[in-house]
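The values are calculated or read from the model by the stated rules, or taken from the named source; none is laboratory data. Every value quoted in this text rests on a predicted model; they were computed, and no experiment measured them. Because the Cβ atoms are built from the backbone with ideal geometry, glycine has one as well, and the counts that use them run over all protein chains shown.
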Amino acid sequence: MTIVAVVWANSPFEYLYHHIWHEIEMGFSFAGFELKGELHYWVNDFLMVIFFFVIGLEIKREIIAGELSNVKSAILPVGAAVGGMLIPALVYVLFNYDNPDFSHGWGIPMATDIAFALGLMSLLGDRVNPNLKIFLTALAIADDLGAILVIALFYTESIDMMEIFYAFIFLGVLIAGNMLGVRRATFYAVVGLVGVWLSFIYSGVHATIAGVLIAFTIPSKTKISGKQYIDKLRTMLIKSSIFSKDDKSILSADEVHTLSKVSSLTKDAESPSHKLEHVLHPVATFFILPVFALANAGVHIDDRLDNLLFHPISLGIIAGLVIGKFLGVSLFTRLMISLKITELPEGVDMKQIYGVAFLAGIGFTMSIFISDLAFVSNEYIQIAKVGVFAASIIAATIGMLFLHFGTKEKIQAKNNEK
């Protein structure tokens, strides 16, 4: 979709690209209340709210039961993520400190695109240590949380505190529903969209923050424990003859009833947050992200490409994502290990960490998103996106080469031992 968008925006049909995304308006009005916007607005302020909602569910899962659930396992990826945000921002500022119009883009190279980074790593298959994938996942999730905070704190021009007050009242309703045992997704969708999302829309704070906050209110506990589920399921199946038949005859009413009870029991063994993440993850991956790329990656190159690439904004982003990310992630990791604050995951060495540090420089989705928030000028936004494209390609290539040769050496060493 990125390639389609770039080709489209530089074709004779460029006017159509601009017309579809920036001139076609959609919206609704009800009892004097009206909300309308161009198609591009709905992609970035509504569809991306769902995307950030899924990110919020992932962050919550990692905090509750994943790599960020205890201090010992969280220190390394969180520390690496902090370095991977601070150093790229600093590198960008070094390129643009003397121009206030350019310097506002310091948040662009802070982000890591978890989907692209993990997707590329998965191409190496079993040669990559699972602990390295876990490290990159935890690092990217901590990085996403940092990027969300940056958007909320630094890329909000004016805030309507009354609307924020309303938003937190509705968040309180969602939290109360969670505590009272409300598990229906409909309740969280209605209160979340009508209350929290709309309040953020009018508050001045970017609405995607609403997606993350709503995700944190979704219940994460199951109705029954895993042991209770297994025990009840075993009892049901022992009493029923549902799987004792060898033929494919139509099930009896009692057998259909048993299947229904098994289905209901399975739902009780799943948490609402897990179910929503499972349902929405493919939607975010295979629909929202491609649509976002199509709507935002259409950079019209009406100048020489080298002029765009060597512009201070673009250079700052490329240096920040490629060099800054590498230095931030690798140096902070080595520093924590040297100080014996933490240790590398089992089977992982610093060469592999260097590969991950470069892969973390793939900023794509989040960096493009922040580009639209950082600059008002369409010219600067286009330059920033060219920088993001270039940086992501460079970082991905170097990172994959590091991991390819790093894992190749390990495999050869194991074969020699055998």
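Among the residues in segment 108-117, are any aromatic (F, W, Y), out of contact with any strand residue (DSSP E or B) (no Cβ under 8 Å at 6 or more places or on another chain) and surrounded by fewer than 17 Cβ atoms within 10 Å (Cβ to Cβ)? Checked segment 108-117: no residue is aromatic (F, W, Y), out of contact with any strand residue (DSSP E or B) (no Cβ under 8 Å at 6 or more places or on another chain) and surrounded by fewer than 17 Cβ atoms within 10 Å (Cβ to Cβ). If you go through segment 1-48 and pick out every residue that is touching a His at 6+ places or on another chain (Cβ under 8 Å) and either within 25 Å of A207 (Cα to Cα) or in a helix (DSSP H, G or I) (or both), you end up with 8. Note on segment 165-179: residues that are over 20 Å from S220 (Cβ atoms) and either under 24 Å from the mean Cα position of the chain (by Cα) or modelled with pLDDT under 90 (or both) total 2. Might you check whether a residue that is of a type outside the set (K, R), closer than 30 Å to F402 by Cα and in a loop (DSSP other than H, G, I, E, B) occurs anywhere in segment 139-154? The answer is no, given that none of the residues of segment 139-154 is of a type outside the set (K, R), closer than 30 Å to F402 by Cα and in a loop (DSSP other than H, G, I, E, B).
Conditions tested, residue by residue: (1) at pLDDT 85 or above; (2) within 30 Å of G37 (Cα to Cα); (3) not in a helix (DSSP H, G or I).
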residue	(1), (2), (3)
G181	yes, no, yes
Y188	yes, yes, no
G192	yes, yes, no
G211	yes, yes, no
S241	no, no, yes
V262	no, no, no
S273	yes, no, no
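When segment 342-383 is filtered for residues that are of a type in the set (A, V, I, L, M), within 26 Å of F154 (Cβ to Cβ) and crowded, with 24+ Cβ neighbours inside 10 Å, the ones remaining, listed by number, are A357, L359, A360, I362, M366, I368, I370, I383.
Considering F52, F95, F102, which residue is buried (at least 16 other Cβ atoms within 10 Å of the Cβ), assigned by TED's automatic domain parsing to the domain that holds H281, within 19 Å of the chain's Cα centre (by Cα) and in contact (Cβ under 8 Å) with a residue 24 or more places away in the chain? The unique qualifying residue is F52. If you filter segment 131-153 down to residues that are over 14 Å from A207 (Cα atoms) and over 18 Å from the mean Cα position of the chain (by Cα), you find that the one that is surrounded by the fewest Cβ atoms within 10 Å (Cβ to Cβ) is N131.
Of the residues making up segment 70-90, just one is part of a helix (DSSP H, G or I) and among the polar types (S, T, N, Q), namely S73.
Name the one entry in V191, V212, V196, V128 that is free of Cβ contacts under 8 Å to residues at least 24 places away in the same chain and surrounded by 19 or more Cβ atoms within 10 Å (Cβ to Cβ).
Of V191, V212, V196, V128, the one residue that is free of Cβ contacts under 8 Å to residues at least 24 places away in the same chain and surrounded by 19 or more Cβ atoms within 10 Å (Cβ to Cβ) is V191.
Summed over segment 152-189, residues that are β-branched (V, I, T) and under 26 Å from F369 (Cα atoms) total 3. When E62, E67 are screened for being touching a residue at least 60 places away in the same chain (Cβ under 8 Å), closer than 28 Å to H281 by Cβ and outside any helix (DSSP H, G or I), only E67 passes.
May I ask you to verify whether P290 is within 27 Å of G84 (Cβ to Cβ) and either under 22 Å from the mean Cα position of the chain (by Cα) or small (G, A, S) (or both)?
Against the criterion (within 27 Å of G84 (Cβ to Cβ) and either under 22 Å from the mean Cα position of the chain (by Cα) or small (G, A, S) (or both)), P290 qualifies.
Within segment 241-265, residues that are within 27 Å of G226 (Cβ to Cβ) reach partners that are of a type in the set (F, W, Y) and at pLDDT 70 or above with beta carbons closer than 7 Å, at six or more positions or on different chains, in the pairs L265/Y229. Among the residues making up segment 70-92, a single one is of a type in the set (A, V, I, L, M) and without any contact (Cβ under 8 Å) to a residue 40 or more places away in the chain: V71. The set of residues in segment 288-319 being part of a helix (DSSP H, G or I) and without any contact (Cβ under 8 Å) to a residue 12 or more places away in the chain consists of D306, N307.
V329 falls short on exactly one of the conditions (1) touching a Gly at 6+ places or on another chain (Cβ under 6 Å); (2) closer than 20 Å to A74 by Cβ; (3) at pLDDT below 90, and that condition is (3).
Just wondering, is there one or more residues in segment 38-48 that are out of contact with any helix residue (DSSP H, G or I) (no Cβ under 6 Å at 6 or more places or on another chain), over 30 Å from L327 (Cβ atoms), touching a residue at least 60 places away in the same chain (Cβ under 8 Å) and surrounded by fewer than 17 Cβ atoms within 10 Å (Cβ to Cβ)? Looking through segment 38-48, none of the residues is out of contact with any helix residue (DSSP H, G or I) (no Cβ under 6 Å at 6 or more places or on another chain), over 30 Å from L327 (Cβ atoms), touching a residue at least 60 places away in the same chain (Cβ under 8 Å) and surrounded by fewer than 17 Cβ atoms within 10 Å (Cβ to Cβ).
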